1. Quick one: what pairs do we get from segment 68-87, first residue closer than 24 Å to residue 53 by Cβ and in contact (Cβ under 8 Å) with a residue 40 or more places away in the chain, second open to solvent by 50 Å² or more (accessible area, probe 1.4 Å) and part of a helix (DSSP H, G or I), C-beta under 8 Å, 6+ apart or different chains?
2. For segment 1-58, give me each residue that is in contact with a Cys (Cβ under 6 Å, 6 or more places away or on another chain) and touching a residue at least 40 places away in the same chain (Cβ under 8 Å).
3. State whether the residues of segment 9-23 include one that is open to solvent by less than 40 Å² (accessible area, probe 1.4 Å), within 15 Å of the chain's Cα centre (by Cα) and of a type in the set (Val, Ile, Thr).
4. Before we move on, is residue 71 part of a helix (DSSP H, G or I), out of contact with any Gly (no Cβ under 8 Å at 6 or more places or on another chain), open to solvent by 50 Å² or more (accessible area, probe 1.4 Å) and over 18 Å from residue 15 (Cα atoms)?
5. Across segment 78-98, what is the number of residues that are open to solvent by less than 90 Å² (accessible area, probe 1.4 Å) and charged (D, E, K, R)?
6. For segment 1-31, which positions are at pLDDT 95 or above and of a type in the set (D, E, K, R)?
Amino acid sequence: MIRHIVMWKLKDKTEDGAKAENAAAIKAGLEGLVGKIDGLLRAEVMVGMPGGMDLCLYSELTDAAALAVYRDHPLHKEVQALVHRSMTERVAFDGEIG
């Protein structure tokens, strides 16, 4: 199993909306991918406390092949486009467990 963890700092405002609106849209978009992309078992997005990163994605995938499918999947790319328009910083970690 693979854990895919990503954290973002978001812009205060974009053409898509204010930080809180974008955070909610990103959360809904990423969590909504479960059941739509093979191998994506879990996706949970948490809103950060003030002073740190704004969002954190915690996700679990069946294996490295599933992670590759997830990264290139058109539904993920749609959400990723909003993330890229909204973020100022990104940190990611992928690790195999078990």
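1. Listed pairs, sorted by first residue: 86/19.
2. If we filter segment 1-58 for residues that are in contact with a Cys (Cβ under 6 Å, 6 or more places away or on another chain), which is where we start, we get 7, 46.
Hit for segment 1-58 is 7, nothing else.
3. No, because not a single residue in segment 9-23 is open to solvent by less than 40 Å² (accessible area, probe 1.4 Å), within 15 Å of the chain's Cα centre (by Cα) and of a type in the set (Val, Ile, Thr).
4. It is true that residue 71 is part of a helix (DSSP H, G or I), out of contact with any Gly (no Cβ under 8 Å at 6 or more places or on another chain), open to solvent by 50 Å² or more (accessible area, probe 1.4 Å) and over 18 Å from residue 15 (Cα atoms).
5. First, pick out the residues of segment 78-98 that are open to solvent by less than 90 Å² (accessible area, probe 1.4 Å): 79-83, 86-88, 91-92, 94-95, 97.
Now restrict to residues that are charged (D, E, K, R): 94.
Total meeting the criteria: 1.
6. If we filter segment 1-31 for residues that are at pLDDT 95 or above, which is where we start, we get 1-13, 18-31.
3, 9, 11, 12, 13, 19, 21, 27, 31 - these are the residues of segment 1-31 that are at pLDDT 95 or above and of a type in the set (D, E, K, R).
To keep it simple, each residue is scored yes or no on (1) open to solvent by less than 80 Å² (accessible area, probe 1.4 Å); (2) of a type outside the set (Ser, Thr, Tyr); (3) part of a strand (DSSP E or B); (4) under 24 Å from residue 70 (Cα atoms).
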position: 4; (1), (2), (3), (4): yes, yes, yes, yes
position: 25; (1), (2), (3), (4): yes, yes, no, yes
position: 29; (1), (2), (3), (4): yes, yes, no, yes
position: 42; (1), (2), (3), (4): no, yes, yes, yes
position: 45; (1), (2), (3), (4): yes, yes, yes, yes
position: 49; (1), (2), (3), (4): no, yes, no, no
position: 52; (1), (2), (3), (4): yes, yes, no, no
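The values are calculated or read from the model by the stated rules, or taken from the named source; none is laboratory data. Since this is a predicted model, take the numbers as computed values, not measurements. Every residue, glycine among them, receives a Cβ derived from its backbone with ideal geometry; neighbour counts consider all protein chains shown. Ligands, DNA and RNA are stripped out before the accessible areas are found, and what is left, the full protein with its side chains, is counted by its heavy atoms. Shrake-Rupley method; radii C 1.70, N 1.55, O 1.52, S 1.80 Å.
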